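*Asks:* Have a look at this one before I ask anything.
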Amino acid sequence: RLVQLYTFEKDVVLDPFCGSGTACLAALKDGRHYIGYDIEPEYVKLANRRIKEHSSQKNLFEHEPSSRTINPKEWSRQNI
């Protein structure tokens with residue numbers, strides 16, 4: 001509900017402690033982009049799995065917002 005109340009369609013939702021990805025999923029379902037990250041790699045894997053499961057249930061012709069969930073340690077290593 002907060003995603004719907006405080007953002008507009010196609011806005012970006014930032015979740016710096018994404019855990020299992022609940023806010024990221026809410027953003028995705030409501031047509032928002034999202035950036036989610038967590039320091040725990042297991043939570044990043046869980047969030048990615050939940051988002052992938054949600055995405056696989058959608059119509060093949062629906063466009064997915066370009067968003068992703070990352071582990072900040074991996075991101076910083078890739079961008080040095």
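*Asks:* I'd like the Karplus ³J(HN,Hα) series for region 33-41: coefficients 6.51, -1.76, 1.60, θ = phi - 60°, whole numbers in Hz, and an x wherever there's a Gly or Pro.
*Replies:* 7, 9, 10, x, 8, 8, 6, 8, x
*Asks:* Please tell me which of these pairs span more than 23 angstrom C-alpha to C-alpha: LYS10/LYS73; LYS10/LYS45; LYS29/LYS52?
*Replies:* Numbers: LYS10/LYS73 27 Å; LYS10/LYS45 25 Å; LYS29/LYS52 12 Å.
Over 23 Å apart, Cα to Cα: LYS10/LYS73; LYS10/LYS45.
*Asks:* Okay, next question. Ranked by Cβ crowding within 10 angstrom, fewest neighbours first, how are LEU5, LEU28, LEU46 ordered?
*Replies:* LEU5, LEU46, LEU28
*Asks:* Under a crude label model (7 Å from the Cα following the beta-carbon direction), how far is VAL12 from HIS54 in nanometres?
*Replies:* 1.8 nm
*Asks:* Here's something else I'd like to know. Counting Lys +1, Arg +1, Asp -1, Glu -1, what net charge surrounds GLY19 among other residues with beta carbon under 11 Å of its beta carbon?
*Replies:* With Lys, Arg at +1 and Asp, Glu at -1, the neighbours total -3.
No value in this document is a laboratory result; all are computed from the given coordinates. Every value quoted in this text rests on a predicted model; they were computed, and no experiment measured them. Cβ atoms come from the backbone with ideal geometry, glycine included; neighbour counts cover every protein chain shown.
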